[in-house]
Structure formats: C-alpha cells, structure tokens
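Written below as structure tokens is the structure these notes are about.
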Amino acid sequence: MRKLNLPEYDFRYRTEGGIRKVLDTYRKRFVTLTPEEEVRQRFARYLVEEKGYPASLLMTEYALKLNTMSRRCDILIHKPAGSPSVLVECKAPEVKISQAVFDQAARYNLVFKVKYLMVSNGLKHYCCQIDFETQKVDFLSDIPHYQDL
C-alpha cells in the first residue's frame, strides 16, 4: 500500500496470473488492486472504522443507469430504511480533485438524490451537503460521522 492521507488497514491479498488482487469485503470477492481501488478500499474502511458507517449499509462499485449509459459509483451508503444517503467518488492519488470530478459525482447523484457527496483521491477528501429545496451546496470541514447525517 502507498502512503495516503488515510489510516492503514490490514487487507487480504493474492496474486492471480501475475496480477495483484485485494479482497473487497463489500463485494465479497477479490478485485484487481489498481491505485483507484486502493483508495476505494481504504476510504470505505475509514468510513466504517473511523466514522461509524455500518458496513452492512455500504456498497462498492454500485451499478446505476444514467440516461441510457451503465455506470458505477465507487461507494454508495444507504440509510437503515434502504434509501441512499451518501455517494462517494474515488480517484487514484495522481488524479487531481477538479470540478470535473465533482461534476461526475453530481451526475450520478441525479439518479440517487443523496444529501451528501464525498470525493477522495486518498490524499485530499471533500464532503458537501446538498439542500435540494434551496439548491444550495455547502462544503463541510470534515467527513461527518454516520450518526451526524
């Protein structure tokens, strides 16, 4: 694992055909360990272990339809009642967090209409809260704990 602005966690790894894989406990299978996947896995664990998000309500690589296109959001967190509440877009550490990254998350949110959007490249993390009635977006100073959502 590389040096990121996230805690280090123990993961299960294996190599298949010369490709290093990591166990995604949320998808319950081994997936190729790309730089983006490392951020996704560590950010998901950060949410669960440091911020109190229930692992049972967290889904990685969640499929969605945007217009006629099939897409996947990196992490989607549900409320206990089943409706989505947080959407997370992860990028590799070498990818700068730009307006285009926020635009991608906002496009995915056209489908889910969650109140919280998070973006991380493992080095920088952002969270914004959306008020759909006033169409106002507020950037938060920190990633909120699950009980504060």
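The values are calculated or read from the model by the stated rules, or taken from the named source; none is laboratory data. Given the structure is predicted, the values throughout are model-derived calculations rather than measurements. Methodologically, a virtual Cβ is constructed for each residue, glycine included, from the backbone with ideal geometry; neighbour enumeration extends over all protein chains shown. Accessible surface areas use protein heavy atoms only, side chains included; no ligands, DNA or RNA. Shrake-Rupley method; radii C 1.70, N 1.55, O 1.52, S 1.80 Å.
A few notes on this one:
- Listed here are the strands (runs of 3 or more DSSP E) enclosed by the stretch 101-149 that have at least 3 residues being open to solvent by 20 Å² or more (accessible area, probe 1.4 Å) and either at pLDDT below 95 or out of contact with any Asp or Glu (no Cβ under 6 Å at 6 or more places or on another chain) (or both): 125-131, 136-139.
- Members of the stretch 50-73 that are open to solvent by 40 Å² or more (accessible area, probe 1.4 Å), hydrophobic (A, V, I, L, M, F, W, C) and in a strand (DSSP E or B): Met59, Ala63, Met69
- Pairs where the first residue, in the stretch 109-133, is at positive phi and the second is assigned to a strand (DSSP E or B) and open to solvent by less than 10 Å² (accessible area, probe 1.4 Å), C-beta under 8 Å, 6+ apart: Gly122/Cys90
- Residue among Leu76, Leu47, Leu6, Leu23 that alone is surrounded by fewer than 19 Cβ atoms within 10 Å (Cβ to Cβ), in contact with a Phe, Trp or Tyr (Cβ under 6 Å, 6 or more places away or on another chain) and either modelled with pLDDT of 95 or more or part of a loop (DSSP other than H, G, I, E, B) (or both): Leu23
So that you can scan it fast, the table gives a plain yes or no per residue for (1) touching a residue at least 60 places away in the same chain (Cβ under 8 Å); (2) touching a Ser or Thr at 6+ places or on another chain (Cβ under 7 Å); (3) under 20 Å from Gly82 (Cα atoms); (4) aliphatic (A, V, I, L, M):
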residue	(1), (2), (3), (4)
Leu4	yes, no, no, yes
Arg12	no, no, no, no
Arg20	no, no, no, no
Thr34	no, no, no, no
Glu61	no, no, yes, no
